[in-house]
Amino acid sequence: MSTTATSTVQHSIISDFKEITKMRLALSVVFSSLAGYLLGVDIVNYKTLILLAFGGYFMVGASNAFNQIIEKDLDALMDRTKDRPVAAGRMSVNTAFAIASVFTILGIVILYIINPQTAMFGAISIFLYACVYTPLKTKTPLSVFVGAIPGAIPFMLGWVAATNDFGIEPGTLFAIQFFWQFPHFWAIGWFLYDDYEKGGFFMLPTRKRDKGTAVQTIVYTVWTVLASLIPAFGFTGKLYLTPISAIIVGLLGLGLLYFALQLFKKMTTQAAKTLMLASVSYITLLQIVYVLDKFIR
């Protein structure tokens with residue numbers, strides 16, 4: 001085999017690995033977990049930080065691989081997913097299942113080394129995503145509610161990894177990312193509506209791009225903003241937000257709410273796409289503000 005051909009094969013393998021584990025999504029989840037860890041820890045243990053990063057990646061990678069096995073036939077029908085390794089036939093189901101299984105074992109073992117509670121929540125996340133959320137996507141819009149649970153675990157998981165305890169603090173982190181899932185995924189469901197329809201997925205709460213969906217998006221955006229500000233009022237134990245940071249978080253929330261209102265006003269694909277991008281920026285900046293607030297105050 002020529003050097004060029006070998007390089008092409010290697011590139012294809014790496015590309016397929018990135019795709020089967022949804023690398024960008026997995027890295028964003030790892031970021032959330034690390035932010036939660038930094039919020040919960042008194043003294044940073046870099047060994048735990050590294051274990052959490054790898055364990056979190058394996059956890060998300062496993063969930064995504066199982067998802068692509070289950071949805072391979074439906075993925076082949078949609079433009080955005082038809083080139084995924086399993087759907088396109090570049091990777092066999094057995095290979096994908098082996099990757100998903102190995103990642104599940106590695107993820108749970110690594111998280112267990114941190115502490116048993118972290119491993120438990122990691123295992124729950126994989127189970128809910130692959131065994132409950134994925135099958136429900138073609139049956140009911142309530143799948144988004146179920147999917148929001150594993151989607152909200154990472155931020156909380158970091159705190160549990162740091163403290164080996166589940167209380168009001170990680171519960172609050174969970175609530176923030178749980179409510180955030182709705183405007184984020186409904187925005188995606190809106191601008192990818194036609195593609196999702198090809199696969200028979202029901203992602204919007206009314207199953208339509210209508211005022212009802214837009215109103216619910218606004219409502220859950222408000223809940224997201226309110227949940228994000230709770231730590232500023234001293235009700236959440238060791239998780240606390242100073243007034244200045246609370247103002248910043250509030251302004252970020254108003255920005256997110258503005259784009260949710262724009263979706264209601266314009267009812268367009270572009271407005272939904274803008275809201276999706278705003279939601280990603282919001283949760284990322286919020287987590288950065290929370291962490292900086294802890295270490296600077």
If each K or R counts +1 and each D or E counts -1, the residues other than Leu157 whose Cβ falls under 13 Å of its Cβ total -2
Scoring only Lys, Arg, Asp and Glu (+1, +1, -1, -1) among other residues with Cβ under 14 Å from the Cβ of Leu25 yields +4
If unit charges are put on Cβ atoms (+1 for Lys and Arg, -1 for Asp and Glu) and the dipole of the chain is taken about its Cα centre, the option from Leu77, Tyr258, Ile288 lying farthest towards the positive end turns out to be Tyr258
Over all directions, segment 51-198 yields a Cα convex hull whose mean projected area in nm² is 8.5 nm²
Highest GNM mean-square fluctuation among Val249, Val29, Val215, for the chain with Cα springs under 10 Å, belongs to Val215
Once phi for every residue in segment 116-129 is put through the Karplus expression 6.51 cos²θ - 1.76 cosθ + 1.60 (θ = phi - 60°), the whole-Hz ³J(HN,Hα) values, with Gly and Pro written as x, are x, 5, 4, 5, 4, 5, x, 5, 4, 4, 4, 4, 5, 5
Mean accessible area per residue over the chain (1.4 angstrom probe, all protein chains present, square angstrom) is 46 Å²
For segment 272-278, Karplus-derived ³J(HN,Hα) couplings (6.51, -1.76, 1.60; θ = phi - 60°; whole Hz; x for glycine and proline) come out as 5, 5, 5, 5, 4, 5, 5
Whole-percent carbon and sulfur contribution to the accessible surface of the chain (1.4 Å, no ligands, DNA or RNA) stands at 69 percent
Per the charge dipole of the chain (beta-carbon charges, Lys/Arg positive, Asp/Glu negative, Cα centre), the residue among Gly89, Leu192, Ser32 reaching farthest to the positive end is Leu192
Contour minus Cα-Cα span, Lys238 to Lys266, at 0.36 nm per residue, comes to 5.9 nm
About its Cα centre, the chain carries a charge dipole, from +1 on Lys and Arg Cβ atoms and -1 on Asp and Glu Cβ atoms, whose size in debye to the nearest 20 is 460 debye
With x for Gly and Pro, the residue-by-residue ³J(HN,Hα) of segment 223-236, computed from phi through the Karplus equation 6.51 cos²θ - 1.76 cosθ + 1.60 at θ = phi - 60° and given in whole Hz, is 4, 4, 5, 5, 4, 5, 9, 3, x, 6, 9, x, 9, 10
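Write out the chymotrypsin sites (Phe, Trp or Tyr not before Pro) in segment 219-273 meeting two conditions: DSSP loop, and at most 15 other Cβ atoms within 10 Å of their Cβ.
Numbers: sites: Tyr220, Trp223, Phe233, Phe235, Tyr240, Tyr258, Phe259, Phe264; in loops: Phe235, Tyr240.
Taking segment 219-273 and a limit of 15 other Cβ atoms within 10 Å, the loop chymotrypsin sites (Phe, Trp or Tyr not before Pro) found are Phe235.
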Using the Kirkwood formula on alpha carbons, the hydrodynamic radius of segment 119-176 in angstrom works out to 11.8 Å
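Rounded to the nearest 500 deg cm²/dmol, what is the calculated helix-only ellipticity per residue at 222 nm for the chain, with -39500 (n - 2.57) per DSSP H run of length n ≥ 4?
For the chain, the value works out to -25500 deg cm²/dmol.
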Sorting Asp42, Asp210, Asp73 on solvent-accessible surface, 1.4 Å probe, most exposed first, gives Asp42, Asp73, Asp210
Debye calc, one equal point scatterer per Cα of segment 231-297, no solvent, log10 I(q)/I(0) at q = 0.24 1/Å comes to -0.95
Given the candidates Met276, Asn115, Asn164, the one whose Cα lies deepest towards the positive end of the charge dipole of the chain, counting +1 at each Lys or Arg C-beta and -1 at each Asp or Glu C-beta, is Met276
Per residue, the convex hull enclosing the alpha carbons of segment 1-124 has a volume in Å³ of 127 Å³
Going through Lys266/Lys294; Lys22/Lys294; Lys47/Lys273; Lys265/Lys294; Lys22/Lys137 one by one, the pairs whose alpha carbons sit over 28 Å apart turn out to be Lys266/Lys294; Lys22/Lys294; Lys47/Lys273; Lys265/Lys294
Taking 0.36 nm per residue of separation between Thr138 and Thr206 and subtracting their Cα-Cα distance, the length gained on full extension comes to 23.1 nm
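The values are calculated or read from the model by the stated rules, or taken from the named source; none is laboratory data. What you see is a predicted model, and the numbers here were worked out from it, not measured in a lab. With ideal geometry, Cβ positions are generated from the backbone for all residues, glycine too; neighbour counts draw on all protein chains shown. The area values use the complete protein model at the heavy-atom level, side chains included, leaving out ligands, DNA and RNA. Shrake-Rupley method; radii C 1.70, N 1.55, O 1.52, S 1.80 Å.
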